[in-house]
Amino acid sequence: MLRIGWRRVGSVLGSVRVYLAAQYPRRYPKLGPRLALTLGLVCAAPSCKNVNLFTLTDDSQLGEQTFPQVLQGEKLIESGPAYQMVSGVMNRLVKAARVEEPELVDAFEWEVKLIDKDETVNAFALPGGKMAVYTGILPVAETEAGLAVVMGHEIGHVLERHGTEAMTRQYGAEVLLGMLFKGDAAALAQLGNSLVQLRFGRGAELEADARGLRLMARAGYDPRVAVQFWTRMTQLGSSGTPEFLSTHPSHEKRIEQIKGLLPEVIPIYEANKAN
């Protein structure tokens, strides 16, 4: 049973009313007590799902302003075969996503960076289509199709808007108040790092897997490679869980879902593999 302290509710709804009225006067010219209470309860309830107080424009601004801060100090690879592969996979997956949801995809400025860090087996995506891939995950991916599993999963998070949804659910008004689009670099860097480290629930992870599987199939990548990729990731876990797998569903559950979706997505792949 959900228990919320009334002091917390009062604080949250007050903060939400002030923030939304100040930041979005046209969208929320006057927040009555009932609406404010509803928003406050939504923000304070960690069990609520599919509730998002952010707009697509907010997602885009959030990614645009925090991405450079997150990348500060990282060594980027901006040419060569690995860079070309990462960029090419990104372009194909975004093109495939545009077929299904053109308005959503075109609301974001998609961008990917390749970070030269062989010891980091990871990738991440910020709201608004900003993504980074670490070189450490490339040997595990092995091929373009394997990389499409990883990047399709991250694009799935962006399209499902899991980042700002989780921020709404888990942090509520505190993060809304901390979204300093006009703030200093240090504040933006802190916010960006929080987004990178944000952990999604198992349901969101499986949702991103399913979305990514359909995207890679539509982009002409064999979705059966996903089973092989996650098996390799699981094997890495025997010597320490890779960062990309932390707090994620068990490999059995993940692979079980992928296998269950293959009859649905293989025809999509067969229709697009020559494109």
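The values are calculated or read from the model by the stated rules, or taken from the named source; none is laboratory data. Because the structure is a prediction, the values reported are computed rather than measured. Cβ: placed from backbone, ideal geometry, glycine included. Neighbour counts: every protein chain shown.
Residues of segment 64-78 include at least one that is among the acidic types (Asp, Glu) and within 15 Å of the chain's Cα centre (by Cα). A single entry from ARG169, ARG218, ARG224 fulfils the requirement of being surrounded by 19 or more Cβ atoms within 10 Å (Cβ to Cβ), charged (D, E, K, R), out of contact with any strand residue (DSSP E or B) (no Cβ under 9 Å at 6 or more places or on another chain) and modelled with pLDDT of 95 or more: ARG218. Of all residues in segment 140-159, those that are over 13 Å from MET216 (Cβ atoms) and more than 8 Å from the chain's Cα centre (by Cα) total 2. Taken over segment 100-155, the criterion of being assigned to a strand (DSSP E or B), among the aliphatic types (A, V, I, L, M) and more than 21 Å from LEU213 (Cα to Cα) is satisfied by LEU114, ILE115. Against the list (1) in a helix (DSSP H, G or I); (2) closer than 17 Å to LEU76 by Cβ; (3) touching a Lys or Arg at 6+ places or on another chain (Cβ under 8 Å); (4) touching a residue at least 60 places away in the same chain (Cβ under 8 Å), the condition ALA96 fails is (2). Screening GLY192, GLY178, GLY203 for residues that are within 17 Å of the chain's Cα centre (by Cα) and either at pLDDT 75 or above or over 29 Å from PRO102 (Cα atoms) (or both) leaves exactly one candidate, GLY203. Filtering GLU243, GLU264 for residues that are assigned by TED's automatic domain parsing to the domain that holds LYS117, at pLDDT 80 or above and either touching a Pro at 6+ places or on another chain (Cβ under 7 Å) or among the acidic types (Asp, Glu) (or both) leaves a single hit, GLU264.
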